[in-house]
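Student: For reference, the structure I am asking about is given below.
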Amino acid sequence: MSSDHPWLDRLRESSAALQGVLGALLEAERHFSPPASPLERLREITTSPEWAWLQPLYRLIADVDHALAYADDLPASESAAIGAHARELLTGGGAPAEQPFLEHYRALLQTDPAVAMAHAAALRALQALPAEATNQSERLHARHQWNERRRFLRMGQRGRGTS
C-alpha cells in the first residue's frame, strides 16, 4: 500500500478500529433507545442533543478519513499527533469539550463487552502509529499542524457546497 509512508496504512487501520468503537457504542445505545430506521437514527445521532456526546469520536473519524483521502503529504508527526489525540479521547486527558463523551463512554465500556473489545482493538491499532516526539515543542507543533489541517479540510468541505 504506502511503502514510502507506512504510517498511513497504520492510520487507516486505526480509523477502522475507531469505527469499530463507534459501531459498538451505537449498538450498545440501541438497547436504550426507541426503535428507529437507520436513516432516522443517523439524523438523531448528528442533530439531537441527546447524542451530542458522540461528536468528538465521529468527528475525529471523519477528520482522519478526510485527511487520508485528500492529504498526500500527511507526515508521520501528524499521524503521531492523531494517535495521541485518539488515545486521550478514549482513555481520558482530552479537552474539556470531550468530557461528556468520556463519561458516557466509560459507563458503556464497563457494562458492555463489545464496547470493551472494540476499545482494546482501537488502543492496539493506535499504539502501532508512530510515537510523538519527546521534545515538547515538536510535539505541540505536530498537534497544531494536525488541528490546522482539520480546520482547513472542514472549511474546504463547507466551501464545496451540497450536492
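Student: Scan (1) assigned to a helix (DSSP H, G or I); (2) closer than 18 Å to ARG12 by Cβ for the single condition LEU102 breaks and write down its number.
Tutor: (2)
Student: Another question about this same structure. Looking at the stretch 139-151, can you tell me whether even one residue there is small (Gly, Ala, Ser) and touching a Lys or Arg at 6+ places or on another chain (Cβ under 8 Å)?
Tutor: Pass one, the stretch 139-151, residues small (Gly, Ala, Ser): 142.
If we keep only those that are touching a Lys or Arg at 6+ places or on another chain (Cβ under 8 Å) too, we end up with none.
No.
Student: Can you tell me which residues in the stretch 138-163 are modelled with pLDDT under 85 and either in contact with a Ser or Thr (Cβ under 8 Å, 6 or more places away or on another chain) or not in a helix (DSSP H, G or I) (or both)?
Tutor: ARG160, GLY161, THR162, SER163
Student: Any idea which residue in the stretch 16-73 is least open to solvent (accessible area, probe 1.4 Å), counting only those that are of a type in the set (A, V, I, L, M) and not in a helix (DSSP H, G or I)?
Tutor: Here is the first cut: in the stretch 16-73, the residues of a type in the set (A, V, I, L, M) are 16-18, 21-22, 24-26, 28, 36, 39, 42, 45, 52, 54, 57, 60-62, 64, 67-69, 71.
Filter again for not in a helix (DSSP H, G or I), leaving 36, 71.
On the way: ALA36: 38, ALA71: 11 Å².
Per the criteria, the residue is ALA71.
Student: To continue, here is another question. Just to check your reading of the model, which residue among ALA122, ALA128 is out of contact with any Leu (no Cβ under 9 Å at 6 or more places or on another chain), of a type in the set (A, V, I, L, M) and in contact (Cβ under 8 Å) with a residue 40 or more places away in the chain?
Tutor: Values: ALA122 fails: out of contact with any Leu (no Cβ under 9 Å at 6 or more places or on another chain).
Unique residue meeting the criteria: ALA128.
Student: Related question: Return the pair list, or none, for Cβ contacts closer than 7 Å from residues in the stretch 22-50 that are under 17 Å from PRO113 (Cβ atoms) to residues that are of a type in the set (Val, Ile, Thr), at least 6 apart or on different chains.
Tutor: Correct list of pairs: LEU22/ILE61; ALA24/VAL115; LEU25/VAL115; ALA28/VAL115.
Student: Please enumerate the residues belonging to the stretch 111-155 that are surrounded by fewer than 19 Cβ atoms within 10 Å (Cβ to Cβ), of a type outside the set (S, T, N, Q) and closer than 30 Å to PHE32 by Cα.
Tutor: ASP112, PRO113, ALA114, ALA116, MET117, ALA120, ALA121, LEU123, ARG124
Student: Would you pick out the residues in the stretch 1-15 that are open to solvent by 50 Å² or more (accessible area, probe 1.4 Å) and touching a residue at least 60 places away in the same chain (Cβ under 8 Å)? Break it down stepwise before answering.
Tutor: Of the residues in the stretch 1-15, the ones open to solvent by 50 Å² or more (accessible area, probe 1.4 Å) are 1, 3-6, 10, 12-13.
Passing the criteria: HIS5, ARG10, GLU13.
Student: Please identify the pairs in which a residue from the stretch 83-96 that is closer than 11 Å to LEU18 by Cβ and open to solvent by 60 Å² or more (accessible area, probe 1.4 Å) has its Cβ atom under 7 Å from the Cβ atom of a residue that is modelled with pLDDT of 95 or more and outside any helix (DSSP H, G or I), counting only partners at least 6 apart or on another chain.
Tutor: none
The values are calculated or read from the model by the stated rules, or taken from the named source; none is laboratory data. Fair warning: this is a prediction, and the values are worked out from it, not measured in the lab. FYI the Cβ positions are ideal-geometry reconstructions off the backbone, even for glycines, and counts take in every protein chain you see. In case anyone asks, the SASA skips ligands and DNA or RNA and just uses the protein heavy atoms, side chains included. Shrake-Rupley method; radii C 1.70, N 1.55, O 1.52, S 1.80 Å.
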